[in-house]
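Enquirer: Shown below is the structure under consideration.
The values are calculated or read from the model by the stated rules, or taken from the named source; none is laboratory data. Remember, predicted model here, so these are calculated numbers, not experimental data. Cβ: placed from backbone, ideal geometry, glycine included. Neighbour counts: every protein chain shown.
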Amino acid sequence: MNKKRNILLVEPRYKNKYPPIGLMKLATYHRNLGDNVVFFKGDLKDFVIENIYNEVLEKLKQIENDMDWEKQRTNIIRYIKTKNRYILEDILNGLTKNKPLLTECLNSYSDFYKKREYLKNPRWDRIYISTLFTFYWKITIETINFAKNLVKDIEELKVGGVMATVLSDEIKRETGIKPWCGLLDKPSILDDNDIIVDELPLDYSILDEIDYKYPENNAYYSYMTRGCPNDCEFCAVSKIEPKYKEYISIKKNFEHVRKKFGEKQNLLLLDNNVLASPRFPEIIEEIKNLGFVKGATYVEPNQFEIAISNLKKGKNDDAYVKKTFYLIHDLLNKLERYKNVRQEVVREVYNILGKYDLLKIETATKSNLLKVYPILSDIYEKYRYKGKKSRHVDFNQGVDARYITEKKMKLLSEIPIKPLRIAFDNIKLKDKYVKSVKWAAKYAIRDISNYLLYNYKDKPDDLYQRLRISVDLCEELDVNIYSFPMKYIPIHGDDSKDRSFLEKRWNKKFIGAIQAILNATKGKVGRGKSFFERAFGKNLDEFHELLYMPETYIIYRKIFEELGYTQEWRKAYKQLTEKERKKANKIIETNDFSNYYLKTKNKKIMEVLKHYTIKRDDVKKEDEGFKDLKNKFDGLIKT
């Protein structure tokens, strides 16, 4: 029998909305092989200290078992990092015996950490690191380089995902690790077996191992097609998924997830171009057969029951101890809020949790959670939310307007699609986009969103016009369209490694102005003509003015208009001659005003530029009263 391997799945510490599907499949793969699997998201230095703490805890319990060491978790970690004697005194306060042994134990592990001795005997047989967008380059490279120290054999450090595929050569040069490009869609890629990882169901339990909560966390995640027949220059799909697969049934994996992890509310499909499939009618039919018909509702299953069931099976104790603990405390919070719950019920739950050391996650154990389940199960079932919720289907990567027909729109209307995402990346697609929205309205699809690529072979006017088209369609058709402008970043070369790339018709100030406007609109542009015109201008002339307006005046528009500064800036700007304005614009477009007075001797231009010296951070939440604000900013501008 093969020896169990220790497998570490890592997602770097960037923020992202959706879970790492590739790692969830790898968790299933290795658990099916009988391996020990751990998932971590974040800075691996924190992961190391957490593992050292767990070892220290066991040693401390062996020396002094009567002490509640879990309550000292924060202090113990701080002492391991700092070896501060005052922290040690706090940890050992009240103890009269075994102090020398306990001190020696804590000191040895602090030395173990500070001298990086944990690197001498790596624990992990294999480490997988997922990668996402190329502009997360720095964080991802740091993660890979640190992980090299934690794996027994450097050949068993596996890096995959989007960035790994499109920047594979650069990653190898920077880290020495050759990433895997593309999908794990063939047998024997990882080990000598016939398992195809990409076809495996997802292991949702790993999401409960970590503290990070993905915003979209109650959905079935899947693909029903792979790849895209287009080969757009700005897109990495053709490299990651080079072969277009017209139809992938999700029924088998769907049932596996439902049985093991419970029913999910929504269906989130990450297909890159589902409408290109000639089998699109079959895809819609399968979605409906899985319970996602128009008007479908969902009642959340008893998560406490599911968590306990999986805890009993021992498939992922770390995850289900956490999940069960937090489910119980969510119940307790609800009981405290509900007016119709008798106080003795709340006290009863508190007493039960206190009796079984379940008031803090640090002291929660599997055995005690299993003991309280029969005591609390009826209370949980009685008070958990059992109301109906609407179900939604989301083709999250958007659908291609070039492939939309009225027949396909009618099919889409038969499922609870919300929102219908339509890419509108180029003003040349206007006619196709408008026709698609009109078909959607005809078939009662009223919630629509679009992705608007900008800073890519376009000019700012194109972005304004595309936004305006959607706003006008909302009024004309009585639909809700939310637009999400997305700044283009190359997928290859040095320009792909951060967010600083500028297309030749864009500049730092224009990008800053758009981001300032979107800051106020929370990144999206919704329905409402007056709202849009306030945010982006009534016409192109007003839009152009906003592009050059100080960003602080854009974000805190009401404040600076009432202070009169916006009007002062506008007046000074309009008083410039055409030649002066061109010179001023060149300075403004750099978006660097640190030494503006060295860039011109023209007093009229300087009168304009002084307004750009007020930074966003100068406006604090605690600032109250326009008189105080005016005094403050008068001083800043004069300075």
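Enquirer: Which members of the stretch 392-412 meet the condition of being at pLDDT 95 or above, assigned to a loop (DSSP other than H, G, I, E, B) and surrounded by fewer than 18 Cβ atoms within 10 Å (Cβ to Cβ)?
Expert: 405, the sole residue that qualifies.
Enquirer: Right, next: Name the one entry in 222, 238 that is among the hydroxyl-bearing types (Ser, Thr, Tyr) and at pLDDT 95 or above.
Expert: 222
Enquirer: So which residues in the stretch 153-179 are hydrophobic (A, V, I, L, M, F, W, C) and either surrounded by fewer than 19 Cβ atoms within 10 Å (Cβ to Cβ) or in a loop (DSSP other than H, G, I, E, B) (or both), if there are any at all?
Expert: Listed by number, the residues that qualify are 154, 167, 177.
Enquirer: Checking residue 252 against (1) more than 29 Å from residue 317 (Cα to Cα); (2) of a type in the set (Lys, Arg); (3) assigned to a helix (DSSP H, G or I); (4) over 26 Å from the mean Cα position of the chain (by Cα), only one condition comes out false. Which one?
Expert: (1)
Enquirer: Is it fair to say residue 182 is part of a loop (DSSP other than H, G, I, E, B), over 20 Å from residue 4 (Cα atoms) and among the small types (Gly, Ala, Ser)?
Expert: yes
Enquirer: On to the next question. Return the pairs, sorted by first residue and then second, in which the second residue is part of a helix (DSSP H, G or I), the first residue lies in the stretch 50-64 and is among the hydroxyl-bearing types (Ser, Thr, Tyr), the beta carbons are less than 8 Å apart, and the residues are 6+ apart or on different chains.
Expert: Listed pairs, sorted by first residue: 53/73; 53/76; 53/77; 53/80.
Enquirer: Would you say residue 530 is among the small types (Gly, Ala, Ser) and within 24 Å of the chain's Cα centre (by Cα)?
Expert: So residue 530 does not fit the description; no.
Enquirer: Considering (1) at pLDDT below 95; (2) closer than 23 Å to residue 508 by Cβ; (3) among the small types (Gly, Ala, Ser), say which one residue 625 fails and leave the rest.
Expert: That leaves (2) as the condition not met.
Enquirer: Something else about it: Which ones in the stretch 1-23 are farther than 13 Å from residue 131 by Cβ and out of contact with any strand residue (DSSP E or B) (no Cβ under 8 Å at 6 or more places or on another chain)?
Expert: The answer is 1, 2, 3, 15, 17.
Enquirer: Out of the helices (runs of 4 or more DSSP H) lying entirely within the stretch 1-114, which hold 3 or more residues that are within 30 Å of residue 160 (Cβ to Cβ)?
Expert: Correct list: 21-32, 44-63.
Enquirer: If I filter the stretch 62-96 down to residues being within 35 Å of the chain's Cα centre (by Cα), among the β-branched types (Val, Ile, Thr) and buried (at least 16 other Cβ atoms within 10 Å of the Cβ), which single residue comes out as farthest from residue 45 (Cα to Cα)?
Expert: Across the stretch 62-96, the extreme among qualifying residues is 76.
Enquirer: Anything in the stretch 14-33 that is modelled with pLDDT under 95 and either within 16 Å of residue 189 (Cα to Cα) or of a type outside the set (Phe, Trp, Tyr) (or both)? List them, or say none.
Expert: 15, 16, 17
Enquirer: Right, another one. All but one of (1) on the phi < 0 side of the Ramachandran plot; (2) in contact (Cβ under 8 Å) with a residue 60 or more places away in the chain; (3) of a type outside the set (S, T, N, Q) hold for residue 42, so report the exception by its number.
Expert: Condition (1) is where residue 42 drops out.
Enquirer: Using the structure shown, decide if residue 406 is of a type outside the set (Phe, Trp, Tyr) and touching a helix residue (DSSP H, G or I) at 6+ places or on another chain (Cβ under 6 Å).
Expert: Answer is yes for this residue.
Enquirer: Pick out, from the stretch 487-598, the helices (runs of 4 or more DSSP H) lying fully within it that include 3 or more residues that are aliphatic (A, V, I, L, M) and modelled with pLDDT of 95 or more.
Expert: Passing ranges, in order: 508-520, 540-548, 578-590.
Enquirer: Can you pull out every residue in the stretch 198-231 that is of a type in the set (D, E, K, R), buried (at least 20 other Cβ atoms within 10 Å of the Cβ) and without any contact (Cβ under 8 Å) to a residue 60 or more places away in the chain?
Expert: 226
Enquirer: For residue 191, indicate whether it is assigned to a loop (DSSP other than H, G, I, E, B), assigned by TED's automatic domain parsing to the domain that holds residue 23 and either over 24 Å from residue 489 (Cβ atoms) or modelled with pLDDT under 95 (or both).
Expert: yes
Enquirer: Kindly indicate whether any position in the stretch 65-88 is more than 30 Å from residue 158 (Cα to Cα), at pLDDT 90 or above and of a type in the set (Asp, Glu).
Expert: No; the residues of the stretch 65-88 include none that is more than 30 Å from residue 158 (Cα to Cα), at pLDDT 90 or above and of a type in the set (Asp, Glu).
Enquirer: Which condition breaks for residue 600 when tested against (1) surrounded by fewer than 13 Cβ atoms within 10 Å (Cβ to Cβ); (2) more than 23 Å from residue 541 (Cα to Cα)?
Expert: If we test residue 600 against (1) surrounded by fewer than 13 Cβ atoms within 10 Å (Cβ to Cβ); (2) more than 23 Å from residue 541 (Cα to Cα), just (1) comes out false.
Enquirer: Those residues that are more than 25 Å from residue 143 (Cβ to Cβ), of a type in the set (Gly, Ala, Ser) and crowded, with 17+ Cβ neighbours inside 10 Å, I need them from the stretch 24-61; list them, please.
Expert: Those that are more than 25 Å from residue 143 (Cβ to Cβ), of a type in the set (Gly, Ala, Ser) and crowded, with 17+ Cβ neighbours inside 10 Å: none in the stretch 24-61.
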